[in-house]
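Data first, discussion second: the structure below is written as structure tokens.
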Amino acid sequence: QMWEEAIALGKELAEQYENEMFDYEQLSELLRKQAQFYENIVKVIRPKPDYFAVGYYGQGFPTFIRNKVFIYRGKEYERREDFEARLLTQFPNAEKMKTTSPPGDDIKNSSGQYIQCFTVKPKLDLPSKFHRPVSEQIVSFYRVNEVQRFEYSRPVRKGEKNPDNEFANMWIERTIYVTAYKLPGILRWFEVKSVFMVEISPLENAIETMQLTNDKINNMVQQHLNDPNLPINPLSMLLNGIVDPAVMGGFTNYEKAFFTEKYMHEHPEDHDKIEKLKDLIAWQIPFLAEGIRIHGEKVTEALRPFHERMEACFRQLKDKVEKQYGVRAVLSSLDDRRGSRPRSMVRSFTMPSSSRPLSVASVSSISSDSTPSRPGSDGFVLEPLLPKKMHSRSQDKLDKDDLDKEKKEKKKEKRNSKHQEIFDKEFKSTDISLQQSEAVILSETISPLRPQRPKSQVINVISSERRFSVSPSPPSSHMTPPPITPRTKLSFSMQSNLELNGMSSSDIPDIPPPLPLKGSMADYGNLMESQDLISPTTSPPAHQRVSP
């Protein structure tokens, strides 16, 4: 399920298929897979494995793991107890340590085997390409993958114990582990190369806790917005634990510990941090409001009293926070925080006469032929294009369109009048109905018995290409043509049509006397047509004859 890694490898393969091998079939298949990977990243919820720090102490271990610490990547949904049991099966004589603090030299130099195991938290290291807020579904992969820094926090109390508020002197001792390589890699465990420790003050711990809480609320709200079918129980527990003061106490403990005059007088350097904590408390209200709104839409009738109590507690909390720390407002829908593309940008248009989706520019260009452009429109306005009959225009505009259409039709009729007259004269039995409002596609099919070309078209062909040329020279000496009677017009018959298409005259009954032998192939059907090109003062060729 590491689709991000598959996409990176797929891009390398796509470069080879497209620019080196020119294998577009493999490229198309690869791009379809990448599209599915991107969809899985957004829609599929992947389990987050835990990471464990394992220390092997004592001289009884092999040298390559002796007195060293390793970070292991657990299996999906694997608990620490199950991981420890699996680890101890490899070293049945080892003893499990009870503490998480680093052992002393006496344990490291002993002859026994001691294993120390505890859970560590991977530290998020986002790639540089994420320079703006993105969906949590995308970021969640990098919280547990491609990580090299891990931390373990251990609470430490300093100073006098305050029974009323334990947060006032609760320090955090945080140990940072850096591995040799990023996890996961070629192995599921890597050696720790460096270890260092930092201390977190109680105020800094409170700021981190509030930030994590706000992120958790926001992330769960986004998940429910993306998938309305998610169960409501985790959201109910999260919201109730924050809103109801009887459960966890909320941030009242922080107010008692840090927002007092005594603390501000003793720690003047923490003024900026206190203001930051107040700001985080104020920002928690709009996140809770969105979560409670979603909870109210999905709650069942059995949990309706629970939801009403939670709403009552939230109203009290909201009034208190807005009065003390100000009002914060977010967008009405958290979809905009995810940076998703608006739905209007991804809408595809399909014309009624075509089953192919067209882009907005294509639809605009097509509609511009029959529909005048709106003022100020450049063809790229993202608007749904309605059919022509649904456009509301004035009668004057309709009359203007009709006038333009009539002008276009007159031009077409004038351009084709000559050919159309000949066509109608020769083939009156053929009735071709042309629709004025639709485009007409003319196609020509050549058949063995196609009709003779009109006279004007034959003349044009002769003048442009000189295909049917007639030699004025006399025929061969051994050929004596019979006398002919010149005529000014050639009448076409079935015989000439058949001869033009390569059929023998012997196949037709009642044929006239055969034509004389010729030295070269000629088109008898067009002899008199070519005569019109010759000067009137020139006598017709001697070998002409008239078809019966």
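The values are calculated or read from the model by the stated rules, or taken from the named source; none is laboratory data. In this text the structure is predicted, and so the values were computed from the model without any measurement. Cβ placement follows ideal geometry from the backbone for every residue including glycine, while neighbour counts extend to all protein chains displayed. Accessible surface areas use protein heavy atoms only, side chains included; no ligands, DNA or RNA. Shrake-Rupley method; radii C 1.70, N 1.55, O 1.52, S 1.80 Å.
Whether any residue in the range 149-164 is open to solvent by 30 Å² or more (accessible area, probe 1.4 Å) and touching a Ser or Thr at 6+ places or on another chain (Cβ under 7 Å) is what I want to check. Yes, the conditions are met somewhere in the range 149-164. Kindly indicate whether any position in the range 223-230 is out of contact with any strand residue (DSSP E or B) (no Cβ under 6 Å at 6 or more places or on another chain), open to solvent by less than 70 Å² (accessible area, probe 1.4 Å) and not in a helix (DSSP H, G or I). Yes, because at least one residue in the range 223-230 is out of contact with any strand residue (DSSP E or B) (no Cβ under 6 Å at 6 or more places or on another chain), open to solvent by less than 70 Å² (accessible area, probe 1.4 Å) and not in a helix (DSSP H, G or I).
Only one entry of Thr209, Thr213 meets the criterion of being touching a residue at least 24 places away in the same chain (Cβ under 8 Å), of a type outside the set (Lys, Arg), assigned to a helix (DSSP H, G or I) and surrounded by 14 or more Cβ atoms within 10 Å (Cβ to Cβ), and that entry is Thr213. Considering only the range 78-111, state which residues are closer than 23 Å to Thr175 by Cα, open to solvent by 100 Å² or more (accessible area, probe 1.4 Å), over 44 Å from the mean Cα position of the chain (by Cα) and not acidic (Asp, Glu). Within the range 78-111, Lys98, Pro102 meet the criteria.
Within the range 132-146, the residues that satisfy the criterion of being over 15 Å from Val120 (Cα atoms) and part of a helix (DSSP H, G or I) are Glu136, Gln137, Ile138, Val139, Ser140, Phe141, Tyr142. Every residue in the range 265-279 that is touching a Phe, Trp or Tyr at 6+ places or on another chain (Cβ under 9 Å) and either surrounded by fewer than 19 Cβ atoms within 10 Å (Cβ to Cβ) or without any contact (Cβ under 8 Å) to a residue 24 or more places away in the chain (or both), please. Selection gives His267, Asp270, Lys273, Ile274, Asp279. Being under 43 Å from the mean Cα position of the chain (by Cα), part of a helix (DSSP H, G or I) and buried (at least 18 other Cβ atoms within 10 Å of the Cβ) is a property that holds for Phe314.
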